[in-house]
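*Asks:* Questions regarding the structure given below will be posed in turn.
The values are calculated or read from the model by the stated rules, or taken from the named source; none is laboratory data. Here the structure is a predicted model, which means the values were calculated and not measured. Every residue, glycine as well, gets a Cβ built from its backbone with ideal geometry; the counts of neighbours run over all protein chains shown.
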Amino acid sequence: MKANTRQDYLQRIDRVVAVLQSSVEQGGPLPELSQLAAVAHFSPFHFHRIYRALSGETVGQTVARLRLLRALRLLAEPAERVTETALSVGYETPQAFARAFRQALGATPSELRGQKEQLDAAMHRLRRPAVDADAAAPAFQVEVVSVEPFRVIATRHEGDYRELAKSYGRLYAWAADHALLERLAGIYGIPHDDALDAVPGQGSYDCALDLGAIDGHVDGSAYPLQLGGGLWARWRHVGPYDHLTALSDRLIEQWLPDSGYVLRDVLPFRRFFDDPEEVPEAVLRADVYLPVAPCDMGR
């Protein structure tokens, strides 16, 4: 099998954007995630991660951007009305359209309607995803390692990732109530940011502790999970834990396409080595694990 390259990945993403743009232009239903994954020849399991990493935005953000871009083109027509534009680009009400328009462009549709220079400038901005020009490109030193399967005890966090400490606190309390904290061998996290229009920094997340083999039934809000097994691309992050999602996307963007590996249909996970309440942000350590297989083994 021909090895994947960054250019190959980008071309696949471009095909997905073209399909989304066609759907928006025609005003029809949006394709399902599985359909988009098939267009890109990516596994549906990891499609959203690869798409976000390579495009710089979620599928939902792409759709919102393309809808606004089409709206700008329609508003350039002298006879086009704001209400008709809102409905034709997929918004249920003119009010929802106006809110999204102002949030993205800093003006209402009525204010830009008929203003050719302003409309042209806004269309130019929306033709491509916004790029964070100030973000420094990290140097990824990745090693591919074999990880034996191991068990952890987890609890589910829903919502803002900045509130993860509360869920980890509840898990620590559970372990303390069961006299298990002395057996702690590792702290882990498993993000489930797999919705088609997932909001960055929010979603489902398994907070997990390696407490060794536990006899008997696991009760309450804690449940067992198995991590590891097979090959994993491992990268050591040093710095604020809040940056891990964005940096994991960059790892997929910059390392994966030319690595000779593809992602397996298993969730990535992270191992944390330091307590943010005790260690300065700048020197916090975490290992990011991506499940991989050689390209010639497929997905």
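*Asks:* Which of the residues that make up the stretch 15-45 are within 19 Å of the chain's Cα centre (by Cα) and under 21 Å from Gly90 (Cα atoms)?
*Replies:* Val16, Val17, Leu20, Pro31, Glu32, Leu33, Gln35, Leu36
*Asks:* Something else about it: Could you grab the pairs with beta carbons closer than 6 Å, sequence gap of 6+ or different chains, first residue in the stretch 210-225 and at pLDDT 80 or above, second one part of a loop (DSSP other than H, G, I, E, B)?
*Replies:* Asp210/Ala185; Leu211/Leu180; Pro224/Val218
*Asks:* Counting just the residues of the stretch 79-101 that are assigned to a helix (DSSP H, G or I) and without any contact (Cβ under 8 Å) to a residue 12 or more places away in the chain, which one comes out nearest to Gln21 (Cα to Cα)?
*Replies:* Leu87
*Asks:* Run down Val63, Val82 and say which single residue is modelled with pLDDT under 85 and at negative phi.
*Replies:* Exactly one of Val63, Val82 is modelled with pLDDT under 85 and at negative phi, namely Val82.
*Asks:* Run down Glu163, Glu148, Glu158, Glu182 and say which single residue is in a loop (DSSP other than H, G, I, E, B) and in the same structural domain as Ile214 (by TED's automatic domain parsing).
*Replies:* Glu148 is the lone residue from the list that is in a loop (DSSP other than H, G, I, E, B) and in the same structural domain as Ile214 (by TED's automatic domain parsing).
*Asks:* Scan Leu244, Leu290 and give me the residue that is part of a helix (DSSP H, G or I), in contact with a helix residue (DSSP H, G or I) (Cβ under 9 Å, 6 or more places away or on another chain) and surrounded by 14 or more Cβ atoms within 10 Å (Cβ to Cβ).
*Replies:* Being part of a helix (DSSP H, G or I), in contact with a helix residue (DSSP H, G or I) (Cβ under 9 Å, 6 or more places away or on another chain) and surrounded by 14 or more Cβ atoms within 10 Å (Cβ to Cβ) holds for just one of Leu244, Leu290, which is Leu244.
*Asks:* Looking at the structure I just gave you, is Leu247 modelled with pLDDT under 95 and among the aliphatic types (A, V, I, L, M)?
*Replies:* Yes, satisfied.
*Asks:* Among the residues of the stretch 9-22, count how many are polar (S, T, N, Q) and touching a residue at least 12 places away in the same chain (Cβ under 8 Å).
*Replies:* 1
*Asks:* Same structure, new question: Test Ser259 against the stated conditions and say whether it is assigned by TED's automatic domain parsing to the domain that holds Val147, outside any helix (DSSP H, G or I), touching a residue at least 60 places away in the same chain (Cβ under 8 Å) and among the polar types (S, T, N, Q).
*Replies:* When the stated conditions are applied, Ser259 passes them.
*Asks:* Starting from the stretch 280-291, keep only residues that are of a type in the set (Gly, Ala, Ser), then list their pairs with residues that are modelled with pLDDT of 95 or more whose Cβ atoms are within a distance under 7 Å, requiring at least 6 positions of separation or different chains.
*Replies:* Hits for this filter: Ala286/Arg270; Ala286/Arg271; Ala286/Phe272; Ala286/Phe273.
*Asks:* Kindly check whether there is at least one residue in the stretch 98-115 that is under 30 Å from Pro268 (Cα atoms) and hydroxyl-bearing (Ser, Thr, Tyr). Before the answer, list the steps.
*Replies:* Within the stretch 98-115, the subset under 30 Å from Pro268 (Cα atoms) is none.
No, because not a single residue in the stretch 98-115 is under 30 Å from Pro268 (Cα atoms) and hydroxyl-bearing (Ser, Thr, Tyr).
*Asks:* Please determine, by comparing only the residues of the stretch 117-165 that are among the small types (Gly, Ala, Ser) and at pLDDT 85 or above, which one is nearest to Leu290 (Cα to Cα). Step through it out loud before you land on a result.
*Replies:* Within the stretch 117-165, the first condition is being among the small types (Gly, Ala, Ser), and the residues that meet it are 121-122, 130, 133, 135-137, 139, 146, 154, 159, 165.
Then keep just the ones that are at pLDDT 85 or above; that gives 121-122, 146, 154, 159, 165.
Values: Ala121: 40, Ala122: 38, Ser146: 11, Ala154: 19, Gly159: 23, Ala165: 23 Å.
Result: Ser146.
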